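Taken together, the values in this text are just the output of simple stated rules run on the coordinates, not laboratory data. Keep in mind that this is a model prediction, so the values were computed, not measured. Reconstructed Cβ throughout: ideal geometry from the backbone, glycine too, with neighbour counts over all protein chains shown.
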Amino acid sequence: MPYALKYALRGAVVFALCGAAPVVANAASWRFTPSMSLSETYTDNVFQAPSDIKDDFITNIAPGVSLTSSGRRIKTTTFYRMQNQFFANNGSLNQTTNFLGSNSSIEVIKNNLFVDGYASMFPTQENSFGRISNQNRRNLGNGNQVDVISYGMTPRYIYRFGSWATFRASTSFSTTTATRDNGTSNVGGNGSGGDINLGLTSGSKFSILTWNINHRQRFFNFDSGTQRSNLQSTDLGLGYRVNRYFRINASIGTENNSFAGNQNQRSGLSWSLGGTWTPTPRTSISGRFGKRSFGDTKSFDFSYRLRRVRIGGSYTEDLHTTSELLQQQQVFQTRDIFGNPIANPNPTGDIVTPIRNLGLLDQVFVSRTFSANFGFQQKRGSITASIYRSEQQSTQTNSASDQSTGVSVGWQHRLSNRLSTGITADYQQRKGSNQGGNQGRNQNSFFVSPSLSYSISAHLSSQLSFRHSEERGGSGFFGNSFGINSLGFNGFGFNGLGINGFGSNDFVENSLTGSLNYRF
C-alpha cells in the first residue's frame, strides 16, 4: 500500500474516533463545513537546489472539512485537509500530505467525570540544520520532513467538597510517531507515554490565603530501545492575596527523576516563588523562579489589551521530551491574536509547516522558550508581529544544544468588500552544537509572501500570491556562506552522514501561485 494512502487511512480512522463518534451522541449541535482548494504554482527552483536549478508547474488539489460543536455535554473542534501535489515535469515528487487537528471533551457524568481526546497529523522538520521548506516537499532527494501522527486521551474526575476544597484526578495516555514518507525507518521522538495527576485545591472559603496539594508522575517509553524516563513530583502550593492587585505564590516539595539515555537519577527538594500583578482589568504580569532537581526554573507571562491592541509574551523553562512538544504543535490556527474564531483555517492549499521545530531528540531535555507578540486591529485590516526564541539542552553530561531565534510579521488590509491584500514574512536563525559541544553551526531561513485576494461569491474566493524563500548556512545570510550543514550531522546523532549528505543546503526560490477556494 502506498505510504501516502496509509497515512490518509490512519488519519481517517483517528478523525472518526475523535470527531465522528460524538456526532451520534449530540448531532444537533454540530457544524459541518466541507471545503475544496485548487491552485497552480510556478516555481523557478523546484528542487530547492543551490545549483543546476530547474523550474516546474505544481497542481495542488486540497479537499478539507471542519467539524465544530459546543454542546452542553460535548465540545469538539476538528479540522482535516488532504493536500495532493502533482508536478508537471517531475512526477517522482508527487505526494499527498495529511493535516489533522482534533480536540474533544465529553462530560460523561455531570460536573464529575470528563474524557478528553486529541489527534493530529502534520509534517515537520527532522533535522534543525537540514533544509527547511514551507512547501511540504518530502520527496526531494535530501528531504528533511517527516510525518507526525499523535493521539491520546485523558479521563478526568472532579469532586467538590462544597466551598472548602476541590479534588481532581486524571490520567492520560498518548502515542507519537514520526516517520519518513518512504516508511523505511522512524526517527527520534517516537514513543508512548502517560501521566497520573492528583490534586486537592482550596475552595472559595479561602479567598485571602489559598492552598493546593499536587502529585504528578510522568513516564515515557521510547521506541528506539529499552529507554524509559520517569518524572515524579509532590508539592504544596500557597497563595496570598496582598491586595486586589497583587498576589504572592509559592511552592515547596520533592522530585525524583530518572532521565532516559544516561539513566541518571536526580532527586531532591524543589521550590518556587513568584507573584501576579493585575493593576488594571486589561493588564496582567506574572513571574516565578525556583529550583528543581535538574537546575533552575523560571516562568514569566504578561498581557495587555485594548479594543484594537493586543500585546503579550511568555518565558518558560522546564523538562520536556520531543513527543510532548510534537503533541503541542498547533496544526491549524483556530483563533487569531484578537481572539476571533477562524471558521475555516488556512483555506489555501499551501499550508506552512511549523519551521520553529528543533531537531527530533529521543531523550529528555531542558526546554527554554520565549515569545512576544503584538497585534493592532484596524478598521479595514490588522498588523501582527512576533519575536521568538527557543533552546533545547540535553540532560546528558556532554549535552547537545539547539537554538532557534526569529521574527514574524504580517499585514492584512481590505481594499473593498471583495478585494483584500496582505504580506507575511518570517526570518529565523538556528544554531547548535554536537554532543561534544565543540562543533557549532549556523543556519538561516527567510521568506516573504505578498498576496492579493478576491471574494467571487459567498462561498468562492480566489488568491494570487508570490513567495520568495532563501536559506543560508554560516554566519552570513544575504552574502556568501559555507552552507555545508556540518557534514550532515545534526548534533543529536540522527541523519548521520547520508541523509542530508555533504552538500550545501543553500537555495533561493521564487514562486507564483493562483488559487481558488470553495466552502460548501
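Quick notes on this structure:
- Of the peptides 55-63, 200-208, the order by per-residue mean of other Cβ atoms within 10 Å, starting with the highest, comes out as 55-63, 200-208.
- Sequence-distant lysines (8 or more away, or on other chains) whose Cα lies within less than 25 Å of Lys431: Lys298
- Modelled spin-label separation between Leu419 and Ser462, with each label point placed 7 Å from Cα along the Cα-to-Cβ direction: 1.3 nm.
- Straight-distance crosslink candidates among lysines, where the alpha carbon sits under 17 Å from Lys54 and sequence neighbours closer than 8 are dropped: none
- Charged neighbours of Tyr454, selected by a Cβ distance under 12 Å, balance to +2 (K, R count +1; D, E count -1).
- Each residue of the range 406-413 was assigned a 3J(HN,Hα) from its phi angle through the Karplus curve 6.51 cos²θ - 1.76 cosθ + 1.60 (θ = phi - 60°); the sequence is x, 9, 10, 9, x, 9, 10, 8 Hz, with glycine and proline shown as x.
- Partner lysines whose Cα lies under 25 Å from the Cα of Lys205, excluding those fewer than 8 positions away in the same chain, are identified as Lys110.
- Among the trypsin sites (Lys or Arg not before Pro) within the range 230-296, those in coil by DSSP and having at most 10 neighbouring Cβ atoms inside 10 Å are Arg244.
- Computed lengthening from Asp52 to Trp164, 0.36 nm per intervening residue step minus Cα-Cα distance: 33.1 nm
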